[in-house]
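The values are calculated or read from the model by the stated rules, or taken from the named source; none is laboratory data. All figures in this text were calculated on a predicted structure; none of them were measured in a lab. Please note: Cβ atoms are built from the backbone with ideal geometry, for glycine as well, and neighbour counts cover all protein chains shown. The accessibility values were calculated without ligands, DNA or RNA, using every heavy atom of the protein model including side chains. Shrake-Rupley method; radii C 1.70, N 1.55, O 1.52, S 1.80 Å.
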Amino acid sequence: MTDGTGVLTVLTVGQVAERFGVTVRTLHHYDAIGLLSPSARSHAGYRLYTEQDVTRLQHVVVYRRLDFSLEEIAQLLDDGTQPALLEHLRRQRSAVVSRLEELAELVTAIDRALEREMTGIDLTREEQRELFGDGFTDEYAAEAEERWGGTEAWRQSQQRTSRYTKADWEEVKAETDAVNAAFVAAMEAGLPPTSEEAMDAAERARLQIHERFYDLSAEFHRNLGDMYVSDPRFTATYDDLRPGLAQYVRDAIHANADRQTAGG
(Lines give C-alpha, C1' and ligand atoms only; values in the text may rest on other atoms or scores of the structure.)
Protein backbone atom coordinates (compact mmCIF):
# COMPACT_ATOMS: atom_id res chain seq x y z
CA MET A 1 0.00 0.00 0.00
CA THR A 2 1.70 3.12 -1.25
CA ASP A 3 0.78 6.77 -1.64
CA GLY A 4 1.21 6.73 -5.43
CA THR A 5 4.91 7.71 -5.35
CA GLY A 6 6.14 4.32 -4.19
CA VAL A 7 6.38 5.41 -0.55
CA LEU A 8 4.88 2.93 1.90
CA THR A 9 1.94 4.37 3.81
CA VAL A 10 0.01 3.32 6.87
CA LEU A 11 -3.59 3.95 7.92
CA THR A 12 -5.19 5.08 11.14
CA VAL A 13 -8.02 3.12 12.71
CA GLY A 14 -10.52 5.70 11.46
CA GLN A 15 -9.25 5.46 7.90
CA VAL A 16 -9.41 1.66 7.95
CA ALA A 17 -12.92 1.71 9.41
CA GLU A 18 -14.14 4.03 6.65
CA ARG A 19 -12.45 2.06 3.88
CA PHE A 20 -13.84 -1.32 4.90
CA GLY A 21 -17.22 -0.28 6.26
CA VAL A 22 -16.58 -1.50 9.80
CA THR A 23 -16.81 0.43 13.02
CA VAL A 24 -13.88 1.66 15.06
CA ARG A 25 -15.33 -0.31 17.96
CA THR A 26 -15.15 -3.50 15.87
CA LEU A 27 -11.52 -2.85 15.02
CA HIS A 28 -10.71 -2.28 18.70
CA HIS A 29 -12.42 -5.60 19.48
CA TYR A 30 -10.39 -7.42 16.85
CA ASP A 31 -7.27 -5.90 18.41
CA ALA A 32 -8.32 -6.91 21.92
CA ILE A 33 -8.86 -10.56 21.01
CA GLY A 34 -5.69 -10.74 18.92
CA LEU A 35 -7.43 -11.28 15.61
CA LEU A 36 -6.07 -8.13 14.01
CA SER A 37 -3.65 -5.83 15.78
CA PRO A 38 -2.11 -2.75 14.12
CA SER A 39 1.61 -3.42 13.80
CA ALA A 40 2.94 0.13 13.41
CA ARG A 41 2.93 3.26 15.55
CA SER A 42 3.00 6.94 14.80
CA HIS A 43 5.46 9.37 16.39
CA ALA A 44 2.70 10.26 18.82
CA GLY A 45 2.26 6.63 19.79
CA TYR A 46 -0.96 5.95 17.86
CA ARG A 47 -1.31 2.46 16.42
CA LEU A 48 -1.36 2.26 12.62
CA TYR A 49 -2.32 -0.42 10.11
CA THR A 50 0.28 -1.55 7.62
CA GLU A 51 -0.31 -3.10 4.20
CA GLN A 52 -0.05 -6.57 5.75
CA ASP A 53 -2.56 -5.63 8.44
CA VAL A 54 -5.01 -4.37 5.80
CA THR A 55 -4.64 -7.58 3.78
CA ARG A 56 -5.45 -9.60 6.90
CA LEU A 57 -8.50 -7.42 7.53
CA GLN A 58 -9.69 -8.06 3.98
CA HIS A 59 -9.75 -11.78 4.76
CA VAL A 60 -11.52 -11.18 8.06
CA VAL A 61 -14.24 -9.09 6.39
CA VAL A 62 -14.88 -11.71 3.69
CA TYR A 63 -15.01 -14.59 6.14
CA ARG A 64 -17.35 -12.66 8.43
CA ARG A 65 -19.71 -12.04 5.52
CA LEU A 66 -19.69 -15.79 4.98
CA ASP A 67 -20.85 -16.20 8.60
CA PHE A 68 -17.61 -17.69 9.90
CA SER A 69 -17.15 -17.14 13.62
CA LEU A 70 -14.22 -15.06 14.85
CA GLU A 71 -12.68 -18.21 16.32
CA GLU A 72 -12.94 -20.00 12.96
CA ILE A 73 -11.42 -17.02 11.17
CA ALA A 74 -8.50 -16.91 13.59
CA GLN A 75 -7.84 -20.62 12.94
CA LEU A 76 -7.97 -20.09 9.19
CA LEU A 77 -5.56 -17.16 9.32
CA ASP A 78 -3.22 -18.62 11.94
CA ASP A 79 -3.19 -22.32 11.10
CA GLY A 80 0.60 -22.50 11.28
CA THR A 81 1.13 -22.94 7.55
CA GLN A 82 0.42 -19.31 6.70
CA PRO A 83 -1.41 -20.09 3.43
CA ALA A 84 -0.69 -17.70 0.62
CA LEU A 85 -3.14 -15.04 -0.49
CA LEU A 86 -4.07 -17.14 -3.54
CA GLU A 87 -5.09 -20.06 -1.34
CA HIS A 88 -7.23 -17.81 0.85
CA LEU A 89 -8.95 -16.35 -2.19
CA ARG A 90 -9.64 -19.83 -3.58
CA ARG A 91 -11.08 -20.90 -0.24
CA GLN A 92 -13.22 -17.79 -0.06
CA ARG A 93 -14.44 -18.23 -3.63
CA SER A 94 -15.45 -21.81 -2.91
CA ALA A 95 -17.39 -20.70 0.15
CA VAL A 96 -19.11 -17.89 -1.79
CA VAL A 97 -20.13 -20.25 -4.62
CA SER A 98 -21.55 -22.69 -2.10
CA ARG A 99 -23.51 -19.90 -0.46
CA LEU A 100 -24.79 -18.71 -3.86
CA GLU A 101 -26.13 -22.19 -4.57
CA GLU A 102 -27.91 -22.23 -1.21
CA LEU A 103 -29.37 -18.78 -1.83
CA ALA A 104 -30.50 -19.76 -5.33
CA GLU A 105 -32.38 -22.72 -3.87
CA LEU A 106 -33.89 -20.42 -1.25
CA VAL A 107 -35.02 -17.95 -3.93
CA THR A 108 -36.64 -20.80 -5.86
CA ALA A 109 -38.47 -21.97 -2.74
CA ILE A 110 -39.67 -18.42 -2.01
CA ASP A 111 -40.85 -17.99 -5.62
CA ARG A 112 -42.86 -21.21 -5.37
CA ALA A 113 -44.43 -20.08 -2.11
CA LEU A 114 -45.34 -16.71 -3.67
CA GLU A 115 -46.77 -18.48 -6.68
CA ARG A 116 -48.96 -20.69 -4.49
CA GLU A 117 -50.23 -17.68 -2.56
CA MET A 118 -50.93 -15.65 -5.72
CA THR A 119 -52.63 -18.43 -7.68
CA GLY A 120 -54.46 -20.00 -4.75
CA ILE A 121 -53.30 -23.44 -5.91
CA ASP A 122 -51.19 -25.19 -3.30
CA LEU A 123 -49.53 -27.54 -5.79
CA THR A 124 -46.14 -27.70 -7.41
CA ARG A 125 -45.94 -27.19 -11.18
CA GLU A 126 -45.23 -30.91 -11.53
CA GLU A 127 -48.35 -31.76 -9.52
CA GLN A 128 -50.46 -29.30 -11.53
CA ARG A 129 -49.41 -30.87 -14.81
CA GLU A 130 -49.80 -34.36 -13.37
CA LEU A 131 -53.43 -33.60 -12.56
CA PHE A 132 -54.43 -31.27 -15.39
CA GLY A 133 -52.01 -32.18 -18.17
CA ASP A 134 -49.72 -29.98 -20.25
CA GLY A 135 -52.64 -27.64 -21.00
CA PHE A 136 -52.22 -26.14 -17.54
CA THR A 137 -49.62 -23.45 -18.27
CA ASP A 138 -48.40 -20.19 -16.79
CA GLU A 139 -49.80 -18.49 -19.91
CA TYR A 140 -53.31 -19.74 -19.15
CA ALA A 141 -53.07 -18.63 -15.51
CA ALA A 142 -51.80 -15.16 -16.46
CA GLU A 143 -54.44 -14.73 -19.15
CA ALA A 144 -57.23 -15.85 -16.82
CA GLU A 145 -56.22 -13.25 -14.24
CA GLU A 146 -55.97 -10.55 -16.91
CA ARG A 147 -59.43 -11.35 -18.30
CA TRP A 148 -61.33 -12.00 -15.08
CA GLY A 149 -59.11 -10.74 -12.25
CA GLY A 150 -61.48 -7.93 -11.34
CA THR A 151 -64.67 -9.99 -11.31
CA GLU A 152 -66.61 -11.39 -8.39
CA ALA A 153 -66.26 -14.87 -9.90
CA TRP A 154 -62.46 -14.54 -9.82
CA ARG A 155 -62.54 -13.38 -6.20
CA GLN A 156 -64.75 -16.30 -5.17
CA SER A 157 -62.58 -18.79 -7.03
CA GLN A 158 -59.39 -17.50 -5.43
CA GLN A 159 -60.97 -17.54 -1.98
CA ARG A 160 -62.26 -21.10 -2.31
CA THR A 161 -59.29 -22.71 -4.02
CA SER A 162 -56.77 -21.12 -1.64
CA ARG A 163 -57.86 -23.71 0.92
CA TYR A 164 -57.68 -26.71 -1.40
CA THR A 165 -55.18 -29.47 -0.75
CA LYS A 166 -53.72 -31.80 -3.33
CA ALA A 167 -56.42 -34.32 -2.39
CA ASP A 168 -59.09 -31.70 -3.09
CA TRP A 169 -57.63 -31.04 -6.53
CA GLU A 170 -57.53 -34.78 -7.22
CA GLU A 171 -61.26 -34.88 -6.45
CA VAL A 172 -61.87 -31.93 -8.79
CA LYS A 173 -59.95 -33.71 -11.53
CA ALA A 174 -61.93 -36.92 -10.99
CA GLU A 175 -65.21 -34.98 -11.14
CA THR A 176 -64.17 -33.25 -14.36
CA ASP A 177 -63.16 -36.54 -15.94
CA ALA A 178 -66.52 -38.08 -14.99
CA VAL A 179 -68.45 -35.17 -16.51
CA ASN A 180 -66.43 -35.34 -19.73
CA ALA A 181 -66.93 -39.10 -19.89
CA ALA A 182 -70.69 -38.58 -19.63
CA PHE A 183 -70.58 -36.13 -22.55
CA VAL A 184 -68.53 -38.57 -24.64
CA ALA A 185 -70.86 -41.48 -23.79
CA ALA A 186 -73.96 -39.50 -24.81
CA MET A 187 -72.34 -38.35 -28.04
CA GLU A 188 -71.08 -41.81 -28.97
CA ALA A 189 -74.54 -43.25 -28.26
CA GLY A 190 -75.87 -40.93 -30.94
CA LEU A 191 -77.93 -38.88 -28.50
CA PRO A 192 -78.56 -35.24 -29.44
CA PRO A 193 -77.28 -32.41 -27.21
CA THR A 194 -80.92 -31.81 -26.23
CA SER A 195 -81.23 -35.32 -24.77
CA GLU A 196 -81.73 -35.79 -21.02
CA GLU A 197 -78.34 -37.52 -20.78
CA ALA A 198 -76.46 -34.68 -22.46
CA MET A 199 -78.29 -31.96 -20.53
CA ASP A 200 -77.72 -33.83 -17.25
CA ALA A 201 -74.00 -33.92 -18.01
CA ALA A 202 -74.11 -30.18 -18.68
CA GLU A 203 -75.88 -29.62 -15.35
CA ARG A 204 -73.24 -31.69 -13.55
CA ALA A 205 -70.56 -29.54 -15.18
CA ARG A 206 -72.33 -26.36 -14.06
CA LEU A 207 -72.78 -27.60 -10.51
CA GLN A 208 -69.14 -28.59 -10.21
CA ILE A 209 -68.04 -25.05 -11.10
CA HIS A 210 -70.79 -23.59 -8.90
CA GLU A 211 -69.78 -25.64 -5.87
CA ARG A 212 -66.03 -25.79 -6.35
CA PHE A 213 -65.11 -22.40 -7.79
CA TYR A 214 -67.71 -19.62 -8.09
CA ASP A 215 -71.44 -19.04 -8.28
CA LEU A 216 -72.57 -20.03 -11.76
CA SER A 217 -76.12 -19.69 -13.00
CA ALA A 218 -77.39 -21.80 -15.89
CA GLU A 219 -77.78 -18.62 -17.92
CA PHE A 220 -74.19 -17.52 -17.34
CA HIS A 221 -73.08 -21.05 -18.10
CA ARG A 222 -74.05 -20.32 -21.70
CA ASN A 223 -71.13 -17.90 -21.92
CA LEU A 224 -68.69 -20.62 -20.94
CA GLY A 225 -70.24 -22.95 -23.49
CA ASP A 226 -69.76 -20.35 -26.21
CA MET A 227 -66.13 -19.92 -25.19
CA TYR A 228 -65.54 -23.66 -25.66
CA VAL A 229 -66.08 -23.23 -29.40
CA SER A 230 -64.82 -19.66 -29.87
CA ASP A 231 -61.43 -20.22 -28.25
CA PRO A 232 -59.38 -22.81 -30.19
CA ARG A 233 -57.52 -23.85 -27.07
CA PHE A 234 -60.70 -24.79 -25.22
CA THR A 235 -62.04 -26.44 -28.37
CA ALA A 236 -58.91 -28.58 -28.59
CA THR A 237 -59.29 -29.66 -24.96
CA TYR A 238 -62.67 -31.24 -25.74
CA ASP A 239 -62.01 -32.32 -29.31
CA ASP A 240 -58.94 -34.22 -28.16
CA LEU A 241 -61.35 -36.43 -26.19
CA ARG A 242 -63.59 -36.89 -29.21
CA PRO A 243 -63.77 -34.91 -32.45
CA GLY A 244 -66.69 -32.47 -32.37
CA LEU A 245 -67.14 -32.76 -28.60
CA ALA A 246 -66.63 -29.02 -27.96
CA GLN A 247 -69.61 -28.10 -30.11
CA TYR A 248 -71.65 -30.91 -28.55
CA VAL A 249 -70.86 -29.67 -25.02
CA ARG A 250 -71.71 -26.10 -26.01
CA ASP A 251 -75.08 -27.15 -27.40
CA ALA A 252 -75.84 -29.32 -24.37
CA ILE A 253 -75.07 -26.38 -22.05
CA HIS A 254 -77.45 -24.14 -23.98
CA ALA A 255 -80.12 -26.86 -23.95
CA ASN A 256 -79.72 -27.28 -20.21
CA ALA A 257 -79.98 -23.51 -19.68
CA ASP A 258 -83.21 -23.51 -21.70
CA ARG A 259 -84.49 -26.39 -19.59
CA GLN A 260 -83.60 -24.58 -16.35
CA THR A 261 -85.28 -21.39 -17.53
CA ALA A 262 -88.42 -23.24 -18.58
CA GLY A 263 -88.48 -25.15 -15.32
CA GLY A 264 -87.93 -22.00 -13.25
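Summary table below
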{"read-out": "Filter result for ARG204 (among the basic types (Lys, Arg), open to solvent by 60 Å² or more (accessible area, probe 1.4 Å), under 25 Å from ALA262 (Cβ atoms) and more than 33 Å from the chain's Cα centre (by Cα))", "value": "yes"}
{"read-out": "Subset tally (residues that are within 15 Å of GLU211 (Cα to Cα), at pLDDT below 75, touching a helix residue (DSSP H, G or I) at 6+ places or on another chain (Cβ under 7 Å) and open to solvent by less than 50 Å² (accessible area, probe 1.4 Å)) for segment 139-175", "value": "0"}
{"read-out": "Test result for VAL184, within 31 Å of the chain's Cα centre (by Cα), in contact (Cβ under 8 Å) with a residue 40 or more places away in the chain and surrounded by 12 or more Cβ atoms within 10 Å (Cβ to Cβ)", "value": "no"}
{"read-out": "Any hit, segment 16-36, residues being free of Cβ contacts under 8 Å to residues at least 60 places away in the same chain, small (Gly, Ala, Ser), farther than 20 Å from GLN92 by Cβ and part of a loop (DSSP other than H, G, I, E, B)", "value": "yes"}
{"read-out": "In segment 26-83, residue nearest to LEU100 (Cα to Cα) [restricted to those that are acidic (Asp, Glu) and open to solvent by less than 60 Å² (accessible area, probe 1.4 Å)]", "value": "ASP53"}
{"read-out": "Entirely in segment 186-264, the helices (runs of 4 or more DSSP H) that have 3 or more residues that are β-branched (Val, Ile, Thr) and out of contact with any Ser or Thr (no Cβ under 9 Å at 6 or more places or on another chain)", "value": "245-263"}
{"read-out": "Top-ranked residue in segment 207-221 [being open to solvent by 40 Å² or more (accessible area, probe 1.4 Å) and closer than 14 Å to ASP258 by Cα; ranked as farthest from the chain's Cα centre (by Cα)]", "value": "GLU219"}
